[in-house]
Each structure stands twice: as structure tokens, then as C-alpha cells.
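Worksheet: one structure, shown below.
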Amino acid sequence: MEIETFDNLIPLDIQEELLALHTDNYFPWYFQSQTADYNDKFANLKDVECFQFSHGSFYNGKKLSEVFEYTKKILNYIDGPFDILRIKSNFTTNITNYKSGDHQPIHVDSNRDNVSLLYYVNDNDGGTLFFDNNNNVTQRVNAKKGRLVIFPANMKHAGFNPIKYQYKIVVNYVLDNNK
């Protein structure tokens, strides 16, 4: 499986619903001092660790919040079958001294043969980089509202923060397709 990118696969009404949900003044974002649980063997000199806000809606067979009912709608538009392992929303911001070429730590979403999906909730100038085994960038995907990216969960990647925009919101899915 390679990286697949789809624009506007998700109907506009669902895109708007997810944007309104994630930007509501009462959405329960939780502070995290780092953006990923990552392994130092992937360390790269361009890594810039920073904080983020996140919201887990599903993990380890359990619905963690009512947000799950909204975020799972995305899965109606992709081919299955699969089991949901995790759904987590991430909110990163424009941070001081962050510059073009910087990125968060390189990581994988799973060491197993699972599938990852990224759904970009809002338009912004952040995105995701994908890496080869030598930590060289092989592909860059820019964030765009309604964009869905599907890739192997054991593929090395890293997000990068927005510079011109205030924030980036992405929903990250990890799916088991070994049914």
C-alpha cells in the first residue's frame, strides 16, 4: 500500500459539521506536551517538538467520548472491512520561531500492518511529511479542508505546524484491515 490522497471524498455537510464541532468554544481539547509517542531511532535534526491539544474519541475497542459518533462518519467513505483501533483529533498551532522545513518528530502510528488515515478538518499551511528508511522526505501532503490521506500505519511520517495560519486540525485514524 502506498500513500493515497483524496480531496472532497467526504460530503461538504460532513466537512462543515466536523469543522464546527472541532472549533466550538466548548470542544474538550486536552493539552499534550509533545505531538507523538515516538522512538528516538527515528530522530532527525529538523525535528521540532512542540505541544499540541488532542482529543481521543476511540481507543482499544472503547468509545472514549461522544465525538466518536461524528469522527466515525469519515469511515463510511472508504473501503473496508476494518476494525477501528484509534481515532484521535489533534490541534497544533503556529508557534514562535517555527519555519518552513521544520517538522514534528518522525514516528509511526503502529508497528503492525495496519492502516492510518488523516483527515484535515480546516484549510491551513500545515501538513504531513513522509520519510524513507534514511529519514529523507519522500512525499509532502499539504493540509486542505476535506482532504483524506490513507497510508500504511507503519510508514514513517511527521506533521508540520502552520506558519501563516493560526492552527491546524487533523483527525488521525488507525485501522486494522486484517479481518
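Listed values, structure above:
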read-out	value
Residue within the stretch 47-59 that is in a loop (DSSP other than H, G, I, E, B), modelled with pLDDT of 95 or more and of a type in the set (F, W, Y) present	no
Residue identified as touching a residue at least 40 places away in the same chain (Cβ under 8 Å), among the small types (G, A, S) and buried (at least 16 other Cβ atoms within 10 Å of the Cβ) among A143, A153	A153
Of all residues making up the stretch 1-18, the number that are in a helix (DSSP H, G or I) and surrounded by fewer than 15 Cβ atoms within 10 Å (Cβ to Cβ)	4
Criterion (of a type outside the set (D, E) and over 12 Å from the mean Cα position of the chain (by Cα)) met by exactly one of N172, N154	N154
Residue match in the stretch 101-114 (condition: more than 18 Å from the chain's Cα centre (by Cα), surrounded by 14 or more Cβ atoms within 10 Å (Cβ to Cβ) and touching a residue at least 60 places away in the same chain (Cβ under 8 Å))	no
Qualifying residue in the stretch 115-125 (condition: more than 20 Å from Y77 (Cα to Cα) and among the aromatic types (F, W, Y))	no
Qualifying positions in the stretch 1-32 - touching a Gly at 6+ places or on another chain (Cβ under 9 Å) and hydroxyl-bearing (S, T, Y)	Y30
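The values are calculated or read from the model by the stated rules, or taken from the named source; none is laboratory data. Being a predicted model, the structure only gives us computed values, none of them experimental. FYI the Cβ positions are ideal-geometry reconstructions off the backbone, even for glycines, and counts take in every protein chain you see.
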